[in-house]
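No value in this document is a laboratory result; all are computed from the given coordinates. Since the structure is predicted, the reported quantities are computational estimates derived from the model, not experimental observations. Heads up, the Cβs are rebuilt from the backbone with ideal geometry, glycines too, and the neighbour counts pull from every protein chain shown.
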Amino acid sequence: KAGQRRRRGLRRAALIIGLILILGLALRAILFPPYAPLPPSGPCQVKTSVRQFTDTGRAETYGRQGGARTLTAAFWYPEQAAGPFPLIVFSPGAFGTRDSNETLCQELASQGYVVCAIDHTYQCLYTRGKNGELLLIDSGYLDELRRENAKADKENSLALYEKWLGIRVADINFVLDAILEQARQNPAEAPFSLTDSQNIGLIGHSLGGSAMLGAGRLRSDIKAVIALESPFLWDTRAVENGAFVFESAPYPVPLLNIYTDSSWSQLAEWPQYAQNARLLADPDQDQDAYNLYLAGAGHLSLTDLALASPVLTRLLNGHASSAGPADYLTRLNENCLGFFNCFLKDGPRFAAI
């Protein structure tokens, strides 16, 4: 009898595990149906590669492994095409990975750009280390993101902005310098052999855009920056009389800010977006600053998650989009391409579509 009860228990356990697996697979199918990035429209065939860069001058801030900070980066670039091509460096959002905006990276590469997207180790959902080990997002960093509240505690927010962007901007500077050095030392190795070191643009989503806004202020070799719904966190200098104090100097290079319903109507209400709101209210303060509002879209409509998981995108955006993800991503591609063509390739004057 004891054996029979044990077998019945095992059968019940197997049944429960089977149901959990079925439900899990069903949930995965709902949240992450099969998808592919939008096909690029440019004349160039696109090739990809993944590289790792180790910054021996910086110790790892996160994680338990210690050692020098190592970053993984993906490249998209024209295949069997004569360069050089302008270089675009991309930084994803707070949880994003290097393929968060693969559709945009492929499109730019197909139109004659070398594109590099960075995994910010321990600030991205996951990446791979030097030995191929899986490195997940740092729990302390997640807790910092959860606790940050610019309305309730600006001093704490400022300290976190300085920490997060200190790491991200240093990542961007290091990877960009490494690419430029490889372009000098390995003139026959793609994608470095195709890179036009005189024409460099930056683009980032959310926290990644904030980091790119900082890098664009620091570096003299940047010619254009695009920020996808990103506050000017790098420009936040201090807290005085209960308000953030921002950098007062005009932004030094042409800039395109792109917004969605997730922020557009609240820019003046959110303390961290005060610089964005001022730029909208007085666009003449920065002659080459452009603003584009994608009505009906949400924060994550600006990423490939909108293609990979429409259900999860709607949940995280907090509202349904008024158009399909392909519509918003296509419009995003067109505006980013037009902006970079204008300022990196001497193309037609930029006009938001």
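Here is how the numbers come out for the structure above:
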read-out: √(5λ) per eigenvalue of the Cα gyration tensor, the stretch 121-212, largest first, Å; value: 32, 18, 9
read-out: Cα gyration tensor of the chain - equivalent ellipsoid semi-axes, whole Å, descending; value: 35, 26, 23
read-out: The chain, relative contact order [Cα under 8 Å, separation at least 6], %; value: 15
read-out: Placed amide H near Glu79: partners under 5 Å, 5+ positions off or other chain; value: Gln45, Val46, Lys47
read-out: Under 27 Å from Lys154, Cα to Cα: lysines that are on another chain or at least 8 residues apart; value: Lys163
read-out: The stretch 65-147: trypsin sites (Lys or Arg not before Pro) in DSSP coil with no more than 14 other Cβ atoms inside 10 Å; value: Lys130
read-out: Cβ-Cβ FRET estimate between Asp327 and Thr56, R0 fixed at 56 Å, reported to 0.05; value: 0.80
read-out: In the stretch 215-296, the trypsin sites (Lys or Arg not before Pro) that fall in loop regions by DSSP, at most 13 other Cβ within 10 Å; value: none
read-out: Largest to smallest principal axis extent of the C-alpha atoms in the stretch 201-353, angstrom; value: 43, 40, 23
read-out: Sites Gln266 and Glu133, calculated FRET efficiency, Cβ-Cβ separation with R0 51 Å, nearest 0.05; value: 0.80
read-out: Helix-only mean residue ellipticity at 222 nm for the chain, each DSSP H run of n ≥ 4 adding -39500 (n - 2.57), per residue, nearest 500; value: -12000 deg cm²/dmol
read-out: Length-normalised contact order of the stretch 106-224 in % [C-alpha pairs under 8 Å, at least 6 apart]; value: 17
read-out: Length-normalised contact order for the stretch 167-229 - Cα pairs under 8 Å, 6+ apart - percent; value: 32
read-out: Amide hydrogen neighbours beyond the local backbone of Asn199, cut-off 5 Å, H modeled; value: Leu87
read-out: Arg278 paired with Asp346, simple spin-label distance in nm, labels 7 Å along Cα-to-beta-carbon; value: 3.6
read-out: Shape call, the stretch 56-98: gyration tensor on alpha carbons, a/c limit 1.5; value: prolate
read-out: The stretch 202-219 - phi-based ³J(HN,Hα) in whole Hz, Karplus 6.51/-1.76/1.60, Gly and Pro as x; value: 10, 8, x, 10, 6, 4, x, x, 4, 5, 5, 4, x, 4, x, 6, 7, 9
read-out: Three-way shape call for the stretch 197-273 based on the alpha-carbon gyration tensor, with the a/c threshold at 1.5; value: oblate
read-out: HN-Hα J in Hz across the stretch 74-84 - Karplus 6.51, -1.76, 1.60, θ = phi - 60°, x for Gly and Pro; value: 9, 10, 10, 7, x, 9, 6, 9, 7, x, x
read-out: Residues whose placed amide H lies under 5 Å from that of Gly296, excluding near-sequence neighbours; value: Asp261
read-out: Proximal charge balance of Phe75 [Cβ under 14 Å; K/R count +1, D/E count -1]; value: -2
read-out: GluC sites (Glu not before Pro) restricted to the stretch 62-138 and DSSP loop, no more than 11 other C-beta within 10 Å; value: Glu133
read-out: Separation in nanometres of the label points that stand 7 Å from Cα toward Cβ, at Asn241 and Lys223; value: 4.3
read-out: Hz values of 3J(HN,Hα) by residue in the stretch 170-177 - Karplus curve (6.51, -1.76, 1.60), Gly and Pro given as x; value: 5, 4, 4, 4, 5, 5, 4, 5
read-out: Label-to-label distance, nm, for residues given as Ala159 and Ala249 (7 Å Cα→Cβ offset); value: 2.8
